[in-house]
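Step one of this worksheet: look at the structure below.
The values are calculated or read from the model by the stated rules, or taken from the named source; none is laboratory data. Values in this document were obtained by computation on a predicted structure and should not be read as measured data. Positions of Cβ are backbone-derived with ideal geometry, glycine not excepted, and every protein chain shown enters the neighbour counts.
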Amino acid sequence: AQSVTQLGSHVSVSEGALVLLRCNYSSSVPPYLFWYVQYPNQGLQLLLKYTSAATLVKGINGFEAEFKKSETSFHLTKPSAHMSDAAEYFCAVSDGTGANNLFFGTGTRLTVIP
Amino acid sequence: GAGVSQSPSNKVTEKGKDVELRCDPISGHTALYWYRQSLGQGLEFLIYFQGNSAPDKSGLPSDRFSAERTGESVSTLTIQRTQQEDSAVYLCASSAGQGGNQPQHFGDGTRLSIL
C-alpha cells in the first residue's frame, strides 16, 4: 500500500527565505512521487514528478525536490520564497500499477510574509 | 481548451436530490480519474477509467455514487439522494496513459454544497 505524510499543515516563511515542505512516503514498490500546488478555487497544478530517473528533480516556479530512498523522503524546496508561492501544496505517491491512482498527503498551506 | 474542464464550477442543492457533475478531459488522454476533496478527509480517489476497460470503482464511498465515460471523452459523476456529507470539491483529472510516469492533469473542480 502507498501513503504519504506531510509534516506541518501550515508553514510560514518570510519573502526571500528558504521554503522547505516535508513529505515522507510509504510504498511497497519503487514509487512515483509528485508535488502539486493548489491556489484558491482552482484545481491542482503539477509542480514536479519523480519517476526513477534523477533523484534531484526540478520543477516549475523554481521549486525542486530530492528523492532520498534511505529516508523515504521527497521534500520540496525553493531557495527564495515569493509572495505568489502562497498556496496549498500536496505530495502524492503512486505505484504505477493498476489504476495508478494517486495517494495524497493532507497538504501543507504555505504563507509568505512580506 | 487545452486543459481539463469541469462543470458546473459550483452546485448548491437540497439534501435528497440527485446531482450530475461533468468532466471533459484533455483531448487524447485515455485515463480519467475522479477525486473528492473535503475538509478533514483530504483528497480521496473515487473512480478511474482507462480506455474501454472496465472502470476501477474501488474508491466510491457508497452505491449512491456512480460514474460513466463514453469512450475516451466526457465523463459524468452522478450522486443520487445527496447527503450533507457529500459536500466537497469534486476534482477530475486525466492523463495520457496509466503508466506511473504519466502525470495527472486536474480540472478546477466542482464545489458541491448540500443544504
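Observations on the structure shown:
- Scope the stretch A:78-114; condition in a strand (DSSP E or B), farther than 21 Å from B:L43 by Cβ and not hydrophobic (A, V, I, L, M, F, W, C); matching residues: A:K78
- Inter-residue pairs, beta-carbon under 7 Å, first free of Cβ contacts under 8 Å to residues at least 60 places away in the same chain and in the stretch A:78-95, second basic (K, R), 6+ apart: A:E88/A:R109
- Flag if B:G97 is within 12 Å of chain A (Cβ to nearest Cβ) and over 11 Å from the mean Cα position of the chain (by Cα): yes
- Of the set (1) in contact with a strand residue (DSSP E or B) (Cβ under 7 Å, 6 or more places away or on another chain); (2) more than 22 Å from A:Q42 (Cβ to Cβ), all apply to B:Q80 but (1).
- Candidates A:E66, A:E88, A:E71 - the one that is away from chain B (no Cβ under 14 Å), of a type outside the set (A, V, I, L, M), at negative phi and touching a Ser or Thr at 6+ places or on another chain (Cβ under 8 Å): A:E66
- Scanning the stretch A:11-37 for residues that are modelled with pLDDT of 95 or more and polar (S, T, N, Q), we see that the one that is surrounded by the fewest Cβ atoms within 10 Å (Cβ to Cβ) is A:S14.
- Residue count, the stretch A:39-77 (criterion: part of a strand (DSSP E or B), touching a residue at least 12 places away in the same chain (Cβ under 8 Å) and charged (D, E, K, R)): 3
- The stretch B:49-69, subset in a strand (DSSP E or B) and of a type in the set (D, E), residue surrounded by the most Cβ atoms within 10 Å (Cβ to Cβ): B:D56
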